[in-house]
Every structure is written in C-alpha cells, then in structure tokens.
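First comes the structure, then the notes that go with it.
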Amino acid sequence: MKTKIQKLLEQSIATLHSQGIIPKDIEPRITIDRTKDKSHGDFANNLALILAKPLKQNPRELAQIIVQNIPVSDLILKMEIAGPGFINFFLNPHYLELQVASAYDNSHLKVKISATPQTIVVDYSSPNLAKEMHVGHLRSTIIGDAVARTLEFLGNKVIRQNHVGDWGTQFGMLLAYMEELRGKGEVINKTLANLEVFYRAAKCRFDESDAFASRARELVVALQKGNNECLILWKEFKTMSLSHCQEAYERLGVSLTTDDVRGESAYNDDLADVMKALEAKGLLKESQGAKCVFLDNFKNKNGESVPVIIQKKDGGFLYATSDLAALRYRQEILNADRVLYFVDARQALHFQQVFEVARQAHFVKQDTKLEFMAFGTVMGQDGRPFKTRTGATPKLADLLTEATDRAYVLVKEKNIHRSEEDLQQIARVIGISSVKYADLSKNRTSNYTFSFETMLSFEGNTAPYLLYAYVRVVSIFNKAKIDLDGLTGDVAFTHEKEIVLANKLMQFNDVINQVGQQGLPHLLCGYLYEVAGAFSSFYEACPILIAETDSQRQSRLKLAALTAKRLQKGLHLLGINTLERM
C-alpha cells in the first residue's frame, strides 16, 4: 500500500512538472510513513514541506496543489492536509476488504516476487572447526538464516556460504595429536566425540612438549604443501567436526547443510593467484618483509595509511587473503549481485578493508553490493559477555538443552494430562524457538542480555507468546471443524477492530521487503507481535463462530485465517516452527 501511495504522489509530481508548477530538474524523494494516531489517517507524507523551500511557496498551499493533482484511486477514501503541510491519507475500507480476500486466496500471501531477482550470497555461521560451536556462533547462524529465508521468499536466488575455519596453524597441533593417538592404537572417532576436550588435550601437549610443538609446526607446512597423510588426518578431523555443526543446525532448525560449507581451505590453492593479481594491479607493496596493500581511506592516528597484510614475512597468508579469494570466487563463479556478511561488529574494520581492496583490484564489479551485516554481543545478566558460572563461553549444544529442559517444566505444569511424547515435542519447539526469537527480536546491531526467564515467558514479545497466539487462532477452526483453507464468501467489515487488524495484516509485504533490504529480522518480530495484539483485540470485540449473520461469520473467519497464515509464514521465515496445540 505504501508503494501504491508513492506512485500516486509520483503521478501528481509528473503532472505538476508538465504544468511548469515544479521545475523538471527538481525530483523530490518521496517517503510514506504510517501514522501513530489513526485520527490522522493511515499514512502521512511530508512532500509539500520538502518542496516548499526550493519552490519558495507556502507548504500548506503547495500540499493542496499536490492533492488536487493526485489521480482518483479506489485505495484512498480521503486526504487531509494537517499542520504546516503534511498530507494524510485515509484508506478505503472496501479496498482493504478486497485485499484481505485476495491475500487469503493467494498461495504467496500476496507478497510480491521481486521484478528484478538477484543472486545473493549470504555468508553466515562460519564456526571454527577446531572447537565446538558456542553461544557466540548463535547470532551469525540464526540472523543470517532468517534473512536468507526472507530473500528467497522474495524470489531471489540465495546461495548460502558457510565459511568455516578449517585451515591454519592450529590444525598442525590437532593433526599432531591425532597422529600421536593413532600411534597408541586409540580410535580417533571416539576421541573426537568431544571436540572441546580433544582441543584442550592437544593444546596441553603443544604447551608441555617442545618435540610435540615442533612436530605440529612441521605438519602445518606439510598440510599446506598437500602431504597425503596429513590430508587424510585433516579430512577425518574435518568430517567429525562438521558433523557436530550439522547436529547444532538441525536442532536450531536452520537451513544450512553440508553442501553450503565452503571453508578457508577451499581457497588455499587460489591464494598465490590473489597475490599475483594484486601485484599486477600495482597494489602490493613490501613492508618489513610482509606483502601489504596500503589504503588511503584507512589511516592511523599519525595520519599514516594502515596496511592490509596479504602475506606475512614467513610466507604465511592471513584471513584477509582468503576473504579476498572468497570474494573473487563469489563474483566470478557464483555471479553475485549482493554479498551479505553476518559477522560480529568487532570485525568491521577488517571487512571494510577487504571490500576496498577487492574493489581496487577489480575482484568484484562496481555495482556488486558488499554488505557487512554487523551484530552485537550476547551479554550476561552482569552486563558482560555471556559466560557460564565457571567463566567459560557456553557451548551452543548445552544452551539448547537447558532451554528445552526449562521449557519442559513449564509445559508440564500447564498440561498435566498430556502424554510424555507430546510434552517432549512441545518443549523442544518452545525451548529452541525461545532462544532463537529472543535473539532475532533484538536489533542485530545491538548487544542483548541473555535471560532464560525472559525468553520463556508467555507474556510480551516472546516466542511462547507468538506460538500461543497462532495456536489460539487455529483452535477456532479446530473447534468448529472448519478447514482453514476452504473458506468461501466475501470479506466485509462491520467493526472498527476488523479494520485495525486488516490494516496490520496488509503491512506484511512492506515488512518482508524491509527485512530483505536491511537484514534486520527484528522488524518482522515486532510486526508479528503487533499482529498477535491486533488479533487479540479483534477476537475480544468481534464474535467469530457466533457472529450475527453467516456472511459476517465467513468474513471474520477469513480475517482469522489470514492472521494464522501471516503468523505461520512470518515465524517460518524466522526459522521457527509452529505448534497446533500447546
């Protein structure tokens, strides 16, 4: 609806251009805002205020001229000029009725597929395979997944990339430990069952034994040179480690698969070519034995250009080198129009520099969008980064288990007659959904405080509240034994609360597009919470199954059904499964 109003205003401006009232070189940016007070209409626009100064006209008089030249539309009931020159738009309820009916019948919920779909590479999760996934990987994984799902729903070709840390010096230490265990006749698979224990044991051997440390360094070199025995050990470790990741993804319900894994090791053979390409562009310079790119846009406090190190003095490569190789691959092989990186905000400088080097080296096209989707830190109740009582970073698996266990206690209290199987299944959905939603409902750029008590609450903007809101709507149809998808009849409003709910439901398209453009799932969370609240008010004021007439009953059932569809689809895009009963 915002888009339709914007087009009406554009037509008015085009008419005023042709009449010479507005010079053709003045092309104002038109923005449409939803009003907070519905007595001021449904939408408002400040176009007249923007144009008044360059045209040297009274903004209220200019607003009147703009309104007079807006084409007649069945969308608009009336327009009013308010304050110094705002234009307020009141929607036609009958138009809303038709939109609700149309959205109910549409398999895509009347969300517009992009007219110019893009190939979008989404880089997210990216755990270090040397350790088990921990709470720090949570945000990248679930925020990236929600945005990837949303972009696909909008008709784009989304290519997921899990840039796992599966290369580098630490793997020499791990390979040396695997080699040592195998020499003792121990079964590697069983030892690797707990990655954290395995890593600590390897690190302990590295610190206590000079011979072990020396062997670890030898194995790093051998691995990088493609030594067959080293590669066999490394692949074994990588397979086991990735299986741990996949278990976490399946528990979380994210859409990443092993086919999406393209780690640092995938670019190892391309690093030398990256160096050659930078050298050919005249970008590579030597500094204290290291090969670097100096960027004029990045300077230290002394005003000196900060180097981006591409190759260390000892010949080793850095993260920047593999990230540049990945960007080149994503442009040349994957043909990306956009590349989104869901990464901790503290890595902002690194990616700003990598993006700049990639552009100067022509590794990406000038019109390819490279977007750093930063996220904040998960904090504990003490205001510090979230830790366990022992001071360690919580493992993701342990966190999900605790959430499910806590949810089970709550569910059992409310459903003492349910079977154990039902209780366990409901607890799993509520527990995992609560962890995900608590994160997704916060602006990704902000830090947020982790609290089991808050996220498992059945009140407020939480997963349990929204899951219950969906169940509440579906229960109407279950109670009456009515097929939610088999409704007939027209939609006709007879109560103000119906219009309020319909208005909210028809904002879905705008919100989904915002999430896709800005990578901010919390906008969808806030919207779904508002839908649930609007439905609650509607449900209390407007009898559905015992409506005054059959036509009114059918109309309200359609409104309820569309609410259920919006809630279910919205939660699905967030990676959250719904329940039919709780």
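Things worth noting here:
- Computed FRET value (nearest 0.05) for residue 269 with residue 196, which takes r as the C-beta separation and R₀ as 30 Å: 0.45
- Per residue, in Å², the accessible surface of the chain once ligands and nucleic acids are set aside, probe 1.4 Å: 47 Å²
- Considering only 290, 557, 48, the residue lying farthest towards the positive end of the dipole of the chain is 48, judged by Cα position with unit charges set on Cβ.
- The chain - percent relative contact order, Cα under 8 Å, separation 6 or more: 14 percent
- The stretch 452-582: translational diffusion in µm²/s, Stokes-Einstein, Kirkwood Rh over Cα pairs, 20 °C, 1.002 mPa s: 141 µm²/s
- Segment residue 67-residue 208, length gained on full extension (0.36 nm per residue, minus Cα span): 42.8 nm
- Cα-centre dipole for the stretch 69-135 with unit charges at Cβ (Lys and Arg positive, Asp and Glu negative), debye to 20: 80 debye
- FRET efficiency for residue 335 and residue 107, using Cβ-Cβ distance with R0 set to 25 Å, rounded to 0.05: 0.30
- Only protein atoms count toward the accessible area here, which uses a 1.4 Å probe; on the chain, the carbon and sulfur part of that area reaches 49 percent.
- Entry for Rg and Dmax of the Cα atoms in Å (calculated from the structure that is shown) out of (1) 25.4, 82; (2) 28.5, 90; (3) 30.2, 95: (2)
- Here the spin labels are modelled as points 7 Å beyond Cα on the Cα-Cβ line, and at residue 540 and residue 425 they lie 3.3 nm apart.
- From the alpha carbon centroid of the stretch 530-582 to that of the stretch 134-151 is 28 Å.
- Electrostatic dipole magnitude of the stretch 89-208 [Cβ: Lys, Arg +1; Asp, Glu -1; Cα centre; debye, to 20]: 60 debye
- Looking at the chain alone, DSSP beta bridges between its own residues are antiparallel in about 55 percent of cases.
- Taking the helices alone, the chain has a mean residue ellipticity at 222 nm of -17000 deg cm²/dmol, built from -39,500 (n - 2.57) per DSSP H run of at least 4 residues and averaged over all its residues.
- A run of the chain free of exposed loop cleavage sites, with GluC sites (Glu not before Pro) counted only in DSSP states other than H, G, I, E and B and at most 15 other beta carbons within 10 Å, reaches its longest extent at 1-185.
- Inter-label distance for residue 10 and residue 530, nm, one decimal - labels placed 7 Å from Cα along Cα-to-Cβ: 2.3 nm
- Here the stretch 330-475 carries DSSP beta bridges of which approximately 10% are antiparallel, counting only pairs with both residues inside.
- Violating pairs (Cα-Cα greater than 30 angstrom) within the set 369/504; 369/395; 38/436; 4/56; 157/299; 112/365: 369/504; 369/395; 38/436; 157/299
- Contour excess over end-to-end distance, with Cα ends at residue 40 and residue 187 and 0.36 nm allotted per residue: 45.7 nm
- Scattering profile of the stretch 138-186 at q = 0.22, 0.27, 0.29 Å⁻¹ [log10 I(q)/I(0), Debye over alpha-carbon scatterers]: -0.81, -0.98, -1.03
- The residue among 143, 96, 116 whose Cα reaches farthest toward the positive pole of the charge dipole of the stretch 80-197, with charges on the beta-carbon of Lys, Arg, Asp and Glu, is 116.
- Counting only residues at least eight positions apart within a chain, or on another chain, the aspartates and glutamates with an alpha carbon under 13 Å from that of residue 24 are 10.
- One decimal place: the segment residue 281-residue 459 gains 58.2 nm when fully extended, by the rule 0.36 nm per residue minus the C-alpha distance.
- Qualifying trypsin sites (Lys or Arg not before Pro) for the stretch 399-440 [loop in DSSP, other Cβ within 10 Å: at most 16]: 418
The values are calculated or read from the model by the stated rules, or taken from the named source; none is laboratory data. This is a predicted model, so every value here is computed, not measured. Positions of Cβ are generated from backbone atoms using ideal geometry, with glycine treated the same way; all protein chains shown enter the neighbour counts. Ligands, DNA and RNA are stripped out before the accessible areas are found, and what is left, the full protein with its side chains, is counted by its heavy atoms. Shrake-Rupley method; radii C 1.70, N 1.55, O 1.52, S 1.80 Å.
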